[in-house]
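What follows is a set of notes on a single structure, which appears directly below.
The values are calculated or read from the model by the stated rules, or taken from the named source; none is laboratory data. Just so you know, these numbers come straight off a predicted model, no measurement behind them. Note that we place each Cβ from the backbone using ideal geometry, even for glycine, and neighbour counts take in every protein chain shown.
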Amino acid sequence: MEVFTFEPEVVVAFDFGTTYSGYAFAFKHDPTKVVINPTWASSSVRLYKAPTCVLLTPDKNFHSFGFEAENKYAILVEEKASRGWLFFRNFKMLLHNKEMLSRETIVKDINDNEMPAMDIFSMSIGYLRNMFLKAVESKSRDFRENRTLYVLTVPAMWAEKAKQFMREAAIKAGIDTMRLKLALEPEVAVLCCQKDECLINPEMQFMVIDLGGGTADIGCYSKNTDGSLKQTFLATGGPWGGICVDENFLKTLKLLFGEKVLKDCSEKNPDEYFDLLRGFETNKRSIGSELNDDTDCKAFTIPYSIRNNMSEISQTPEERFIDRYPGKKIVMIKDKLKLDTSVVRTWFDGPIDRLIEEIKYILGQQEVEIALLVGGFGECIYLQEKLKKEMDHKSKKLIVPNEVGLAVLKGAVIYGFNPNAVSVRVMKYSYGIETVRDFDKKKDEENDVVVLNRKKKVDHIFIPFVLAGETVTVGQKVKMTFTPTGETESLLKIYRSENPNVKLTTDCERIGTLRVLLSAGHKKFKVKMVFGQTELIVKAKVKKSENELHAVFDCFM
């Protein structure tokens with residue numbers, strides 16, 4: 001989707017995360033003064049983001065988001081009035097399953113009640129938008145919403161289908177598509193870091209490691225002399241965010257106290273369960289080098305309902321722990337569970353070690369001088385120490401900027417005022433269109449022949465517009481001419497492949513369809529693809545004319 005070019009008076013960014021979400025904005029007259037919500041309603045601590053969770057009423061209307069949703073649901077359960085209410089959390093990760101993703105994708109709440117995922121995402125974005133509108137109107141009497149640019153951050157590793165899903169969810173939330181930009185999270189984080197830290201010199205090769213709740217995004221860049229960024233290596237990453245540590249923590253609790261006990265706590269005492277998760281989130285970020293001391297223990301507060309509801313298990317937590325971790329320490333004193341640090345370390349080491357493997361691979365392929373660590377999980381001290389140790393081995397410097405968890409959010413606002421901040425990207429895929437050509441007996445096999453209009457043809461031919469590994473400038477256009485396949489419309493299948501030498505679409509991934517509506521007399525039309533931006537743009541025009549045809553590129557067709 002190509003957005004309308006205008007000079008915004010206000011830029012607002014939404015960092016819609018797997019575990020936490022937030023917004024920030026700035027005015028044109030002072031774009032460096034980024035305003036972030038200082039605290040969220042119903043939060044007992046000062047946080048700049050709220051949990052990504054949604055509460056719906058029994059008639060499936062939006063009720064609340066974030067801490068307010070958690071606290072209201074907990075009250076409903078306590079008062080035995082939660083029947084019919086729907087509570088959703090950790091639903092963003094379903095966008096990583098591109099094979100199963102569609103406009104009709106269903107998401108389940110904590111009690112397995114179903115809702116269209118598009119509705120839940122749209123309600124969440126709509127809530128953030130309403131929060132922003134209230135905040136900005138309190139600061140400016142002259143605010144005009146139609147002069148506002150919305151920036152929605154997305155992981156660099158996301159497929160086109162996931163990006164289109166987020167755009168459509170934002171449109172459904174009331175955001176004008178012509179005033180909406182999607183921004184890659186590691187790139188905008190760099191903009192924040194180079195503004196606040198002055199760390200990046202022209203021509204310096206550097207890596208960005210963006211660690212959120214759900215995913216890790218890694219990108220490599222250099223800074224041009226004009227200050228813009230040049231991507232130097234393909235973006236990569238995986239599901240190695242902080243949520244992996246949370247899951248490992250909960251697995252240990254299930255082992256010690258029983259799976260049914262944990263399930264009962266989440267369903268019957270959600271207030272205690274939410275406090276457990278919030279407390280662990282704080283603990284997780286502050287844990288540091290003490291995990292390397294196997295003679296020490298780490299303490300965690302365990303809710304009353306868990307400690308006093310273990311009738312299903314025959315052994316005490318200490319006995320179950322010793323069976324699973326022979327020779328390790330466990331102490332249960334009142335509401336404190338003290339675990340051997342070597343056990344706690346295993347919760348972190350899985351995702352961190354997988355991240356380090358990926359970083360090692362990149363460093364073997366690409367020269368970098370420094371690495372910037374950003375994202376909410378990047379606040380974890382133990383993670384920082386392990387990454388720093390690895391970088392020291394490679395004679396690289398790891399830099400953790402101030403407000404590491406807000407770098408993406410602040411950088412997205414900066415990007416909105418300067419969308420040309422990234423000028424060059426490396427293509428991860430070859431992009432092209434499927435077509436049919438005449439049979440050539442010198443290079444084609446007879447069993448590849450199809451007969452169309454009594455002529456021998458070969459189908460599934462991949463016509464590339466750009467090849468994997470190519471360097472493109474942002475906004476680079478490639479045009480090709482095609483013959484209509486129908487009288488009133490043409491459907492062109494769009495494909496991509498990581499292979500720069502791919503020949504057939506049977507060796508590719510289909511990512512969508514370009515539907516071109518035709519009028520009488522159209523014998524040829526041009527297809528234009530625009531590369532280097534956050535989203536792939538595909539358009540069509542009449543040959544030898546500037547009349548643009550009505551064409552829709554749809555990743556769900």
message: If I filter segment 423-441 for residues that are touching an Asp or Glu at 6+ places or on another chain (Cβ under 9 Å), assigned to a helix (DSSP H, G or I), modelled with pLDDT under 85 and farther than 27 Å from GLN231 by Cβ, do I get at least one hit?
response: no
task: Can you run down the residue pairs with Cβ atoms below 6 Å, 6 or more apart or on separate chains, where the first is in segment 322-337 and within 17 Å of LYS254 (Cα to Cα) and the partner is hydroxyl-bearing (Ser, Thr, Tyr) and surrounded by 12 or more Cβ atoms within 10 Å (Cβ to Cβ)?
output: ASP335/THR301
- request: Could you run through segment 369-379 and say how many residues are over 19 Å from the mean Cα position of the chain (by Cα) and buried (at least 21 other Cβ atoms within 10 Å of the Cβ)?
  value: 1
query: Consider ALA162 against the criteria (1) touching a residue at least 60 places away in the same chain (Cβ under 8 Å); (2) small (Gly, Ala, Ser); (3) assigned to a helix (DSSP H, G or I); (4) touching a Ser or Thr at 6+ places or on another chain (Cβ under 9 Å): it satisfies all of them except one. Which criterion is unmet?
result: (4)
query: Are any of the residues in segment 296-315 under 30 Å from ALA81 (Cα atoms) and touching a Lys or Arg at 6+ places or on another chain (Cβ under 6 Å)?
result: yes
- prompt: Limited to segment 90-106, what total is found for residues that are touching a residue at least 40 places away in the same chain (Cβ under 8 Å) and not hydroxyl-bearing (Ser, Thr, Tyr)?
  reply: 8
task: Pick out, from segment 55-114, the strands (runs of 3 or more DSSP E) lying fully within it that include 3 or more residues that are in contact with a strand residue (DSSP E or B) (Cβ under 9 Å, 6 or more places away or on another chain) and closer than 19 Å to ASN269 by Cβ.
output: 86-89
message: Within segment 259-268, does at least one residue satisfy the condition of being closer than 26 Å to GLY214 by Cβ and outside any helix (DSSP H, G or I)?
response: no
query: If GLU509 satisfies every condition in (1) in contact with a Ser or Thr (Cβ under 9 Å, 6 or more places away or on another chain); (2) free of Cβ contacts under 8 Å to residues at least 12 places away in the same chain but one, which is the exception?
result: (2)
- line: For segment 355-395, the count of residues that are assigned to a helix (DSSP H, G or I) and within 22 Å of GLU187 (Cα to Cα) equals 19
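For the structure I just gave you, tell me whether SER102 is modelled with pLDDT under 95 and polar (S, T, N, Q). Can you show your working first?
Values: modelled with pLDDT under 95: yes; polar (S, T, N, Q): yes.
Spelling it out, SER102 is indeed modelled with pLDDT under 95 and polar (S, T, N, Q).
Could you say which residue among THR316, THR341 is touching an Asp or Glu at 6+ places or on another chain (Cβ under 6 Å), modelled with pLDDT under 90 and not aliphatic (A, V, I, L, M)? I'd like the intermediate steps shown before the answer.
On the way: THR316 fails: touching an Asp or Glu at 6+ places or on another chain (Cβ under 6 Å).
Only one candidate qualifies: THR341.
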Tally of residues being crowded, with 17+ Cβ neighbours inside 10 Å and within 19 Å of the chain's Cα centre (by Cα) across segment 239-267: 7
field: Where HIS29 falls short, out of the listed (1) under 19 Å from SER266 (Cα atoms); (2) part of a loop (DSSP other than H, G, I, E, B)
entry: (1)
message: Going residue by residue through segment 258-281, is there one that turns out to be touching a Lys or Arg at 6+ places or on another chain (Cβ under 7 Å) and not aromatic (Phe, Trp, Tyr)?
response: yes
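Of all residues in segment 108-140, how many are more than 23 Å from the chain's Cα centre (by Cα) and without any contact (Cβ under 8 Å) to a residue 24 or more places away in the chain?
Restricting attention to segment 108-140, the residues satisfying the condition of being more than 23 Å from the chain's Cα centre (by Cα) are 111-113, 133-140.
Filter once more, keeping what is without any contact (Cβ under 8 Å) to a residue 24 or more places away in the chain: 112, 133-134, 137-138.
Qualifying residue count for the region: 5.
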message: Quick check on segment 516-557: of everything there that is over 31 Å from the mean Cα position of the chain (by Cα), of a type in the set (D, E, K, R) and part of a strand (DSSP E or B), which residue is modelled with the highest pLDDT?
response: LYS526
